[in-house]
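Working notes for the structure below.
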Amino acid sequence: MAGNSFGTQLRFTTFGESHGSQIGCVVDGVPAGLSLSEADIQPDLDRRKPGTSKYVTQRRESDEVTITSGVFEGRTTGTPIGLIIHNGDQRSKDYGEIKDQFRPGHADFTYWQKYGVRDYRGGGRSSARETAMRVAAGAIAKRILTEICPQPVAVRGAMVTMGSLGIDRANWQWDSVASNAFFCPDAQAADAWAVELDRLRKDGNSAGGVIEVVADGIPAGLGAPVYSKLDSDLAAALMSINAAKGVEIGDGFAAAALNGVGNADEMGVDNNGKPTFASNHAGGILGGISTGQPVVARLAIKPTSSILTPRASINRFGEPVSVVTKGRHDPCVAIRGVPVAEAMVAIVLADHLLQARAEGVPLTPRTWDSRED
């Protein structure tokens, strides 16, 4: 099986299955001399791990990460960094009834069609359990951004819709994201979401959601104008996340309803001679290259397919079956998708930052050309 690696200058490869003994990854391309320890990685993993509220799967995993290589005396050595998380709360018996059945909305059928064999215990390699290692790699990417960018960088995610319920952007507070179970920036909206998700859970149903990631402090000049566009790499990274069905950069699909006057991000120069923008419809990227504005991306996550409501399907013998997925599942997988989306955005940005540095791209605003009369 190919396709287990992501990135160019900064590249990581994950391995392991949902109900295997462990999951892990190797992160290559990290510059030598960066300060790094498990304590830099664990907080992001703790945000993603299961069992943190009644609105996520009740599987109990500590998700405690161990650095196995690439760090010596608290500093990266420039060699591949190995990361391991041991699985501790597998209940494979929960999946015994569906080992020959294809769960609607899952990768069961396509995986079997491609490989002729599948690990039915929680989806095996196609399980969202793999995303823990993306979050670990993303924490390393954030360290790269912090230590190399010429100004402070913050890559932050929030859930902005759950099902048909959205937020009031006038109520957006980043501090609220950490204070509710939904990573929601609008505390009032989070209360309404809790009521709705309780109803769906009791009905054996689930909800989707939209995640928004904002990266502040990203310098202008990251990306390239053709096949290495910053926004195309962000789209690829976010679409690789389990249950992702759509990605937007900036205004995204809403930009199609604007006219040229409304969509233009007018430019000027501030009192310090630095370029400014009157708006950010482009989401911080023009022509595939970062503008120096906040990079904004959104990710649509479909409703969790593992539900208790019976759904019609077939088994591997071609017979009709009614499938009920028992076990411990997220009623809204978008919730724990927030730190995963954050991680993938950070990885792409760090990758492009390292590429820009290797190409000699200035990471501070260029000096204006002089005009000769």
Over the chain, with a Gaussian network built from C-alpha contacts below 10 Å, which listed residue (ILE347, ILE98, ILE301) shows the highest mean-square fluctuation? ILE98
My understanding is that a pair violates if its Cα-Cα distance is over 30 Å; which of LYS245/LYS274; LYS142/LYS326; LYS114/LYS245; LYS54/LYS302 do that in this structure? LYS245/LYS274; LYS142/LYS326
Only Lys, Arg, Asp and Glu count, each charged at its Cβ (+1, +1, -1, -1), so figure out the dipole size of region 251-373 about its Cα centre, rounded to 20 debye. 960 debye
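Calculated from DSSP H runs of 4 or more alone, at -39500 (n - 2.57) each and per residue, what is the 222 nm mean residue ellipticity of the chain, nearest 500?
Calculated at 222 nm, the ellipticity per residue is -8000 deg cm²/dmol.
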Do me a favour and compute the ellipsoid semi-axes for region 109-211 from its Cα gyration tensor, root of five times each eigenvalue, largest one first, whole Å. 30, 26, 10
Selected from PRO339, MET267, THR66, residue furthest toward positive end of dipole (the chain; charges at beta carbon): THR66
Roughly what angle does helix 187-202 make with the longest principal axis of the chain, taking Cα atoms, 0 to 90 degrees, to the nearest 10? 20 degrees
GNM result for the chain, Cα springs below 10 Å: residue of VAL269, VAL340, VAL27 fluctuating most strongly: VAL269
Kirkwood hydrodynamic radius for the chain: how many Å is it when counted over pairs of different Cα atoms? 21.9 Å
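Rule-based calculations on the coordinates, nothing more; no lab input. The structure presented is a predicted model; accordingly, all values stated were derived computationally and were not measured. Because the Cβ atoms are built from the backbone with ideal geometry, glycine has one as well, and the counts that use them run over all protein chains shown.
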